[in-house]
Amino acid sequence: MSLFSGLSDSLTASFGPMGPLLALGGMGLLLVMGTLPFLIRKEADPFNKLKPAKPAANPRAAKPDAATLRRGGNINADKLERFAHFLEPQDQQQMSAARLKMMRAGYRSKNAVRVFHAWQFVLGIGALLLGCLYTIALNQIAPVDLKTMVLWTIIPAAAGYYLPAYWIVRRIQSRQKEIIEGFPDALDMMLVCVEAGQSLDQSISRVAKELGSAYPALAEEFEIVAQETRAGKERVVVLRDMSERIGLIDITSFATTMIQSATFGTSISDALRVYSAEMRDKRVMRAEEKANTLPTKLTLGTMMFTVPPLLVILIGPSLYGISHSF
């Protein structure tokens, strides 16, 4: 505390009441300006020297054709491409984990990781600037010490930086909860389609269409499976990718069951019937678990809002009579 007080007094004596805040802002600006060139600079890949030299591009040929536009090509260059070295993890394992996390949250675009880190950077810097402005306004009313300045500038910056990560975590939890709730109904519908004579691929495509309004996240995952299967990808690989993409034990067990059924030649309808019954039992067990925890959760509310008024009604008249008897 003495160190902070001495430093604050020296800065105030040198630069006035806004001296500590100006010193803090200047230090942060210098750190950011000194770090950005090293982070943005992208080293040349040595393997690029082995690639054959491409002829100079014709400026008139830079215009995208209709096929490119239909595939979703962007006319302008990616604005975040120049900051890719700064906005993306450079380690391949970390990059794969970040992309998997974004896919589980429902963001499947190519630039999802860049956009996520860009939002972290923008919100962190924006919250830091807002904290500085608030501290300046607060200092105009009454003098603010250095500790309060640091708290009002660092805490908003940290909150803005971690807000996108919190949003992604909540998004993953909500999607997984929706998938868990709709998975037993999807299995029952899939079993009906298979027993009606449709193949597993046709039943998955039909389930994806029927569940779109009730469980859009689960319908989206089944639609991806159907499209990858139509594109020629092996069903074993597609099911494993779906289980890894969702990250739930129930989906992993379903994929394993379907893979084993296709490998050993057993009946898919029998496997679906057994597994759908198990999923229905698990859903009933989850509902019973929530019902059993309800009395415990209501105990606190009952004690706070029922016991005090009851004590006032029962003991209040006696206390009133005792106080007036003396």
Backbone HN-Hα couplings from phi across the range 249-266 [Karplus 6.51/-1.76/1.60, Hz, Gly and Pro as x]: 5, 5, 5, 5, 5, 4, 4, 5, 5, 5, 5, 5, 5, 6, 6, 8, x, 7
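How high is the FRET efficiency from Gln260 to Leu319, r the C-beta distance, R0 51 Å, rounded to 0.05?
0.10
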Segment Leu133-Thr148, length gained on full extension (0.36 nm per residue, minus Cα span): 4.1 nm
Approximate spin-label separation Ile155-Arg108, in nm, with each point projected 7 Å along Cα-to-Cβ: 4.2 nm
Gained length - Lys233 relative to Lys290, 0.36 nm times residue gap less alpha-carbon distance: 16.5 nm
Global form of the range 175-285, assessed from the alpha-carbon gyration tensor, a/c cut-off 1.5: rounded
Potential extension, Lys177-Val274 segment - 0.36 nm per residue separation minus Cα distance: 32.7 nm
Residues of the range 275-306 with amide N under 20 Å of a point placed 7 Å along Cα→Cβ from Ile249: 275-293
Fewest-first sequence of Tyr162, Tyr107, Tyr320, Tyr215 by Cβ atoms within 10 Å of each Cβ: Tyr320, Tyr162, Tyr107, Tyr215
Sorted by Cβ density within 10 Å, fewest first, the residues Met242, Met303: Met303, Met242
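All of the numbers you see were taken from the coordinates with simple rules; none came from a lab. From a predicted model like this one, the values you see are computed outputs, not experimental measurements. Counting neighbours? That spans all protein chains shown, and the Cβs are built from the backbone with ideal geometry, glycine included.
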